[in-house]
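One structure is given below, encoded as structure tokens.
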Amino acid sequence: MSEIINALQAVRDVYINFPKRYELNQEALKKLESEIQDILHIIEFTNFNAAHGYKWAKELKRLREERRALKEELELLEPVRDFLSFPKPTEKNISRIIGDVRNIEGRQSNRSYRMRVRNDLQELIK
């Protein structure tokens, strides 16, 4: 493919595909969070044996991992969304957005969680 076609496809991604992807991810995140709440309510309101408990725990883990992936992608798409609010993007704006995305990627690669309440469980988190 030619350099011009590649550049035009990149522009299409930024102006058309990424905003659509942002909206779709927002909707998917809401759906996942509702699904997680459904499972938590099953755990709260039903009696279950160890096998069912393990099944619900695995399902919650899968949903939380999916949720994390969506949140990370939304975090990366947020600067692009901000970029689209500029009436006429300048080289300075574009460079700042690239830097923001690089910073987000760096934070995401070193993500950790610090317990808010259950400090006794902190050692279980890597």
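For the reader, a short list of remarks on this structure follows.
- Selection within region 82-126 - exposed (fewer than 13 other Cβ atoms within 10 Å of the Cβ), part of a helix (DSSP H, G or I) and among the basic types (Lys, Arg): 92, 102, 107
- Meets criteria (touching a residue at least 40 places away in the same chain (Cβ under 8 Å), part of a helix (DSSP H, G or I) and not small (Gly, Ala, Ser)) for residue 63: no
- Of all residues in region 1-27, those satisfying the criterion of being more than 16 Å from residue 78 (Cβ to Cβ) and either outside any helix (DSSP H, G or I) or touching an Asp or Glu at 6+ places or on another chain (Cβ under 9 Å) (or both) are 1, 2.
- Any hit, region 102-112, residues being out of contact with any Asp or Glu (no Cβ under 9 Å at 6 or more places or on another chain) and among the β-branched types (Val, Ile, Thr): no
- Only a single item in (1) farther than 27 Å from residue 125 by Cβ; (2) exposed (fewer than 10 other Cβ atoms within 10 Å of the Cβ); (3) not aromatic (Phe, Trp, Tyr) is not met by residue 51, and it is number (1).
Since every read-out is calculated from the coordinates, none of them should be taken as a lab result. Given the structure is predicted, the values throughout are model-derived calculations rather than measurements. Please note: Cβ atoms are built from the backbone with ideal geometry, for glycine as well, and neighbour counts cover all protein chains shown.
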